Each structure stands twice: as structure tokens, then as C-alpha cells.
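Colleague: Here's a structure for you.
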Amino acid sequence: MRAARTTTARRALAMAAVAALGAGLLAGCADDGGDEESSSSGGGSGKTTITLGLFGTMGFQEAGLYKEYEKLNPDIKIEQTVIERNENYYPALLNHLTTNSGLQDIQAIEVGNIAEVVDTQADKFVDVSKIEGVKSSDWVDWKWKQATTKDGQTIGLGTDIGPMAICYRKDLFEKAGLPTDREEVGKLWAGDWSKLVDAGEQYKEKAPKGTFFMDSPGGMINAILSSESEKFYDTSGKVIYKTNPAVKSAFDLTAKAAEEGLVQSQTQFQPSWEQTIANNKFATVVCPPWMLGTLKEKSADDAAGKWDVAAAPKSGNWGGTFLGVPKSGKNVEEAQKLAAWLTAPEQQAKLFGEMGSFPSATGAYSLPQVKDAKNDLTGDSPIGEIFAKAAETIPTQVIGPKDQIIQQGLTDNGVVLVTQGKSAKEAWETATKTIDNNLDQ
């Protein structure tokens, strides 16, 4: 996913993707619709109305969770206001936090923004670690830490995450003389992203005509960097993307793949990229759970059962959101109860089953909606188990306030240029110049 496309983008057509999957399992990434929409479940005389400020399609209402909570708590009504695009939602949220006014009882915070909110607005939020029944051990460790300040206050409860795997076409692998069993495929590149490029070189030797090993340079570099504990900022908040050897190494490895013709000259989630899915033009794509929805939605009808899922070279995360409870909300006590309930393992498992939002609550992984999850695209592949295993070893990553700007510069103004004839050196110089201009450095 392009850096500018946050989890808002992948949720925007969630219901359409679910319908496309038939079994109602995995929602995908898609273009945003309108800039803003509002929806609510209505008010009620004599009842306490809890309000939520959300972005995209987070799925609580669509999965029936509001109605379920209201049935369990007859004195509560729930209303949500949704701004479709996070780039519109987040500036407004920051303004409300800065002025400490106009805040909903519960506010969503996208993972790309959580670091800035933790650093600058933590005093505006309730410490959710003190909510009755909430235990940090119920979440994957790195997710909990992302929303926790240096002095131990936790400002948000994690909803979904995006543990990465590699989705691959079994039929194209077989034609290229590569193994097709998911365990054997994972061994090709286990532990080292450079082994993924090696596998791409093997694929190219006998590749079916007109196909590429991987879908895009942007997808590749994003995956590599998502598996690093530090990428663009250090723990002190200093921008280090130009001096961090992990970033340059990821850029150079992706540039090598581009120079060798292993990746398409495509930008993810653009119409031309989507068409290459339908036309079977690539054999692998970095694959958080929600990517399966995109593949299913854009694939030809005969793609069912031809894809499978293997472990990525290293674990990484792509996407996720938090629910925070502002201190200035009208119903702080009831909002805390609702936020805790919505993010409990049982509700997160239901969201995965209905909307494809992979749980950040580890207790959900043993529940049937996750443990037994399958879909038509990947046949009998135990996708719930695969993604749960990947989630266990994702590193705690340092997230900075301008991560998305830097990421987009490295992809859209960087590695993709190598597929268009630029040298790796020229592409790096263009990318860093663009990024520094956008960061005012």
C-alpha cells in the first residue's frame, strides 16, 4: 500500500470485498470513496448515548457489535461519526485535542499517527490500562507499546493489525520450477529478504511469458522496512532515514530487484496495478490479511484456489488502529467500558470473521473465527494460523510523525524510478530530495 494510503484506504470498500470473498472473511484495500459520511445507530430518550469518532470502515457497526452491546446494556445507545479519509480525519482530531473541545467519547487513532498523539496529546486521554478488566498481556506486546508513553500511560486500546506474509500463485511457481507447498516456499527465503530476491532470480529463469516475480517495488521496500525495529526515526524522535543503514539496504535490495526485472513497474492500488492482478501478471505479493480481499476482488474468476500463503522472510506489520477515550468526553466512564468491550478478543474475532480486520488481541487467535479461517482464493490454507504466528514475532517499531511522507518518497519518488530506467543512485537522490523538501529540511 502506498504510504499515503492509511488503513482508511483498505477499509473503504470493506463490505464489497467481503461480499467478493463469498465466505465473508477478508476485507481488502481499495480506493477511498467520498471524503466524509456520518452514520449513527440513533439516540434514545433517557438513555446514555456514547459517541465515537472514526475514519474509514472500522466495521463495528457493520459487524453488528453496536447492536449487541446495546442489547447487553439497555440503557446505552451508540452513535458513530465517520470521516472516510484519515488525512481529513486526523487534522481535525488534532485540532480538537489541541483546543480540548469537540471530542467524541471515543476517538480512533491510526497507527501512522499514534506516535505523535502519544508524544504531544497524551494528557488529553484516559489511561486505558487502568480500565477494569483490561490487561496489557491481552494484546501483542508491540501493539500495546505503540500507544504507551515513556512514563507508562497507555492512551489507546489496539483494534486490528496487519501481520505480513507472502501470497504466491501456485500455478506460476510450478511453471517456473519452484516448489508450491507453502512450507517449502517459506524455506526459500526464511530469515533474509535477500533470499526473496534470490527466489525471484530462480523464478525469472523459467518464468511464464509476460509475468514478473513480484507485484511492485513499493510493496517490496515497504515490507522490508516494516520488519525493522527502527526505520525513519530513532527512539529520541530524530529523523534518521538517510543515515539508517537498514533503510539504505532496503532501498538497494529493492533497486536490485527492479534492475533485474523481478518487480513490475507499478504503483500499488492504482488501476493499472489492479489490472495486473486480473491478468495474472505477477507471482508474489507481500500480504497482510486484508490484501487477500484485494486479490480476491481484482482477480479473474478462475483464480480461486490458485493462491497460497507462505511466511515472510521476517515478521512485520502493515496497518492498524487504536481506540482512545478523551478525558473531556461527556461519558468517560461508559466510554471506557465500551472501548474495552469492542477491543476484547471475542469482538476482535468477530470483526475478523466479518470484516477481515486481523486481531491485535492474542486471545482471539484460538477462537474459531480466527483459528479455522479459510477463503476461496487460498483454498485449504490455514490463514488464521499463519497470520497469528506472524503476529507473535513482529518487532516493536519506532513510529515517527512523518513516517508516511518518508515512505511515500522512497516508493513513489524512489524505487519505482529504477523500473523506469533510472540508476539506484539517481533514484535515491531523487527520493531523498523530495522527502527533505516535504519535511522542510
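The values are calculated or read from the model by the stated rules, or taken from the named source; none is laboratory data. Only a predicted model underlies this, so the values are computations on that prediction, with no experimental measurement involved. With ideal geometry, Cβ positions are generated from the backbone for all residues, glycine too; neighbour counts draw on all protein chains shown.
Colleague: State whether one or more residues within region 66-75 are under 19 Å from Gly320 (Cβ atoms) and in the same structural domain as Gly329 (by TED's automatic domain parsing).
Modeller: The answer is no; no qualifying residue exists.
Colleague: Check Phe282 against each of (1) modelled with pLDDT of 95 or more; (2) of a type outside the set (A, V, I, L, M); (3) closer than 24 Å to Asp403 by Cα; (4) surrounded by 15 or more Cβ atoms within 10 Å (Cβ to Cβ) and name the one condition it does not meet.
Modeller: All conditions are met except number (3).
Colleague: Tell me, which residue of region 173-190 that is outside any loop (DSSP other than H, G, I, E, B) and in contact with a Phe, Trp or Tyr (Cβ under 8 Å, 6 or more places away or on another chain) is nearest to Ser249 (Cα to Cα)?
Modeller: That would be Val185.
Colleague: Hey, another quick one. Here is a list: Ser315, Ser366, Ser357. Which entry is in contact with a Leu (Cβ under 6 Å, 6 or more places away or on another chain) and either within 30 Å of Asn279 (Cα to Cα) or surrounded by fewer than 18 Cβ atoms within 10 Å (Cβ to Cβ) (or both)?
Modeller: Checking each option against the conditions leaves just Ser357.
Colleague: For region 116-127, what are the residues that are closer than 20 Å to Glu334 by Cα and either in contact with a helix residue (DSSP H, G or I) (Cβ under 7 Å, 6 or more places away or on another chain) or part of a loop (DSSP other than H, G, I, E, B) (or both)?
Modeller: Lys124, Val126, Asp127, listed by residue number.
Colleague: Could you please give the count of residues in region 71-86 that are part of a helix (DSSP H, G or I) and touching an Asp or Glu at 6+ places or on another chain (Cβ under 9 Å)?
Modeller: Qualifying residue count for the region: 1.
Colleague: Next up: Suppose the filter is in contact (Cβ under 8 Å) with a residue 24 or more places away in the chain, in a helix (DSSP H, G or I) and among the β-branched types (Val, Ile, Thr); does Ile109 pass it?
Modeller: no
Colleague: Within region 191-242, track down each residue that is within 24 Å of the chain's Cα centre (by Cα), assigned to a loop (DSSP other than H, G, I, E, B) and surrounded by 15 or more Cβ atoms within 10 Å (Cβ to Cβ).
Modeller: Residues satisfying the conditions are Asp215, Ser216, Ser227, Glu228, Glu230, Lys231, Phe232, Ile240, Tyr241.
Colleague: From Arg169, Arg182, grab the single residue that is in the same structural domain as Thr411 (by TED's automatic domain parsing), in contact (Cβ under 8 Å) with a residue 40 or more places away in the chain, closer than 24 Å to Gln270 by Cβ and charged (D, E, K, R).
Modeller: Step by step, each of Arg169, Arg182 is checked, and only Arg169 is in the same structural domain as Thr411 (by TED's automatic domain parsing), in contact (Cβ under 8 Å) with a residue 40 or more places away in the chain, closer than 24 Å to Gln270 by Cβ and charged (D, E, K, R).
Colleague: Right, here's the next one. Which ones in region 257-272 are surrounded by fewer than 23 Cβ atoms within 10 Å (Cβ to Cβ) and either more than 22 Å from Leu292 (Cα to Cα) or over 23 Å from the mean Cα position of the chain (by Cα) (or both)?
Modeller: Once the filter is applied, which keeps residues that are surrounded by fewer than 23 Cβ atoms within 10 Å (Cβ to Cβ) and either more than 22 Å from Leu292 (Cα to Cα) or over 23 Å from the mean Cα position of the chain (by Cα) (or both), region 257-272 yields Glu259, Glu260, Gly261.
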